[in-house]
1. Could you tell me how many of the residues in region B:90-116 are part of a helix (DSSP H, G or I) and facing chain A (nearest Cβ under 7 Å)?
2. From the list B:V199, B:V213, B:V121, exactly one residue is crowded, with 22+ Cβ neighbours inside 10 Å and out of contact with any Lys or Arg (no Cβ under 6 Å at 6 or more places or on another chain). Which is it?
3. Check whether at least one residue in region A:275-290 is facing chain B (nearest Cβ under 8 Å) and not hydroxyl-bearing (S, T, Y), and report yes or no.
4. Tell me whether region B:73-82 contains one or more residues that are modelled with pLDDT under 90 and β-branched (V, I, T).
5. All but one of (1) under 26 Å from A:R294 (Cα atoms); (2) surrounded by 15 or more Cβ atoms within 10 Å (Cβ to Cβ); (3) of a type outside the set (K, R) hold for B:L220, so report the exception by its number.
6. Does B:V26 fit the bill of being modelled with pLDDT of 90 or more, under 23 Å from B:N202 (Cβ atoms), among the β-branched types (V, I, T) and out of contact with any helix residue (DSSP H, G or I) (no Cβ under 7 Å at 6 or more places or on another chain)?
7. Step by step: first the residues of region B:210-230, then only those that are among the hydroxyl-bearing types (S, T, Y) and closer than 17 Å to B:I6 by Cα, then the one that is modelled with the lowest pLDDT. Which residue is that?
Amino acid sequence: MNLRTIAWNNLKRRKTRMIFLVAGLLIGVATVVTIVSLGQALTMEAQHRMENFGANIILAPKSDELSLSYGGIDLGGFSIAVSEIAEKDLDKIKEIPNARNIAAVAPKLLGSVSVQGSRVLLMGVDEEKEFHVKRWWTLEGRALESNDELVAGSQVAMTLGLSLGDVVPVNERRMTLVGILHETGSQDDDLLISTLDDAQAILDKPGLITMAEVAALCADCPLEDIVIQLTQALPNVKVTALQQVVKTRMHALNQFQTFSLGIAAVVVVIGALVVFVTMMGSVKERTREIGIFRALGFRRSHVMNLILTEVVAVSTLAGVLGYLIGMGVTSMVMPFFSQAQEGGHSVVHWDPMLGVGALALALVVGSLASYYPALQASRMDPTEALRTL
Amino acid sequence: MSFIEIENLKKVYSSDADCVTALGGVSLRVAEGCFLGVMGQSGSGKSTILSILGGLCHPTEGTICIDGISLYDLGVEKLADFRREYLGFVFQAFNLVPYLTAMENVMLPLAVKKMGRSEKVRRAMDVLGRVGLSDRAAHLPSQLSGGEQERVAIARALVNAPPLILADEPTGSLDSETSQEIMALLQELNAEGQTIVMVTHNLENREYFHRTVHLKDGLLLRDSADSSQQEAV
């Protein structure tokens with residue numbers, strides 16, 4: 001028999017009140033858990049999508065010349081000598097400190113070729129990585145699988161009158177057209193795409209590439225640092241980060257999280273008020289009982305401890321249930337959010353730190369909201385409380 | 001030195017509207033081992049004097065010492081410790097905690113003491129045995145009769161082996177037969193050396209007391225100790 005026994009027996013007896021207390025805290029905690037875990041899951045999903053969305057770092061040969069093209073419009077008249085990068089240099093990317101943040105490296109060799117008497121831009125690619133990075137590409141036919149195969153951009157196919165299965169002579173090398181890209185509205189529409197090996201052979205540039213696109217995108221990866229690391233690893237290569245893509249996406253996510261946490265804060269405050277009002281009611285209801293405790297020699301601190309012990313028990317229960325329910329709600333609603341945003345990769349992570357945070361939140365809010373009622377109870381005049389003496 | 005020393009005790013209840021004098025200057029000395037009955041009509045101040053004796057209500061004026069300890073010179077928490085170690089309360093309305101069993105109610109004064117559970121249980125069962133309720137230890141107050149509840153309340157007052165028991169109309173809500181049983185129990189405890197101060201308005205209980213004081217309008221009207229002395233003279 002100690003204060004915990006009394007607290008436990010009281011909670012068992014006053015089940016309805018306990019349910020109110022737990023519910024008040026639980027709703028607040030579950031809302032916070034839902035919002036935080038949903039935010040985390042959406043951030044991860046966004047990262048994943050952004051990785052699929054494409055490259056955000058461009059590796060190109062270093063040049064002192066200024067670019068004279070903008071928005072796809074090339075102001076001709078200046079012949080800029082195009083140099084290449086050694087393909088094997090790309091291996092150095094794996095050695096940078098943030099190598100784990102590099103999702104994909106897609107090398108390319110670009111060169112002009114003659115097809116049916118027309119000059120066309122040929123792009124040799126690592127077929128697996130290129131089609132992985134450019135998920136938005138959709139094809140009539142299929143992607144490249146081996147050498148001597150060709151995929152044509154929609155504009156090239158139309159201009160040259162190419163259709164699937166055609167054998168196309170490229171600089172006198174006969175290649176089979178296995179796929180035609182649906183219109184992308186980008187420069188890709190004007191390309192012929194082959195494997196990197198074929199392009200190097202046709203353009204007579206073995207072991208060389210013109211550029212590489214790097215996909216390195218995640219919330220915690222410092223893009224600026226990665227650029228510096230790549231510049232140090234590849235001193236002869238110009239490393240350019242497409243900051244805008246990342247920043248816009250992350251800004252949108254941050255706004256979502258700020259807004260959500262604002263709502264969560266309001267819900268937590270309401271939960272705290274519910275606990276406060278319920279505890280004040282409980283203290284009033286227990287006036288006589290507290291008077292008995294005081295008359296029997298309980299110190300004020302004992303009465304405070306008794307009430308706070310009950311609050312800790314209730315808060316712990318609310319914290320655990322709030323975490324489980326919050327994660328459950330996230331798991332349930334996540335597919336809807338994912339579907340709304342083009343579907344795909346939606347995984348809810350059961351983060352133990354979030355569980356600890358939920359428990360801590362419930363304990364802090366419950367204790368703060370109950371402190372004043374407990375203080376009131378401890379200061380109660382025993383004679384007034386008993387009204388019998 | 002007497003076990004209880006009350007000097008010029010005054011208590012005035014003030015409100016915005018008026019002031020009510022509950023005690024108008026009572027002085028009293030009670031020896032250790034005495035069974036003192038405090039009698040009087042409603043509003044005579046008998047319950048107030050018991051509250052002040054129990055360290056529950058500060059007097060407006062005067063001093064009160066129990067076993068040489070001046071109660072109201074103690075701080076709030078020390079006064080709570082004093083209540084726990086020196087006093088056992090028996091209330092008219094029993095004042096048992098409804099969600100605790102008879103044994104748990106009896107153990108309440110021990111709940112905040114550093115003592116092993118087995119020792120607490122042993123003491124509780126011991127006093128429950130003394131009041132004849134060993135077989136009702138696991139029952140809730142709602143499962144006990146009025147007399148049994150009063151016995152549990154007495155057992156709770158005894159569990160800490162306090163030097164003084166304060167009883168406020170312990171038979172007030174009991175039938176005549178049960179009242180006699182409770183009075184007999186209190187008398188038995190007193191015979192074992194327990195000092196008891198009991199407030200009652202029931203004249204039939206007078207026969208159990210060593211000494212009876214009568215209060216009227218907050219003043220000491222009659223003290224049987226004085227009468228005995230006068231009779232002796």
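1. Just the residues of region B:90-116 that are part of a helix (DSSP H, G or I), to begin with: B:102-110.
Adding the requirement that they be facing chain A (nearest Cβ under 7 Å) leaves B:104, B:107-110.
Of the residues in that region, 5 qualify.
2. Only one candidate passes the filter, namely B:V213.
3. yes
4. Yes, that holds for at least one residue.
5. Unmet condition: (1).
6. When the stated conditions are applied, B:V26 does not pass them.
7. B:S224
Conditions tested, residue by residue: (1) assigned to a strand (DSSP E or B); (2) in contact with a Gly (Cβ under 6 Å, 6 or more places away or on another chain); (3) buried (at least 18 other Cβ atoms within 10 Å of the Cβ).
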| site | (1), (2), (3) |
| --- | --- |
| A:K88 | no, no, no |
| A:I93 | no, no, yes |
| A:P107 | yes, no, yes |
| A:V113 | yes, no, yes |
| A:L121 | yes, no, no |
| A:E128 | no, no, no |
| A:S146 | no, no, no |
| A:V151 | yes, yes, yes |
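The values are calculated or read from the model by the stated rules, or taken from the named source; none is laboratory data. None of these values were measured; they are calculated from a predicted model. Heads up, the Cβs are rebuilt from the backbone with ideal geometry, glycines too, and the neighbour counts pull from every protein chain shown. Ligands, DNA and RNA are excluded from the accessible area calculation, which covers all protein heavy atoms including side chains. Shrake-Rupley method; radii C 1.70, N 1.55, O 1.52, S 1.80 Å.
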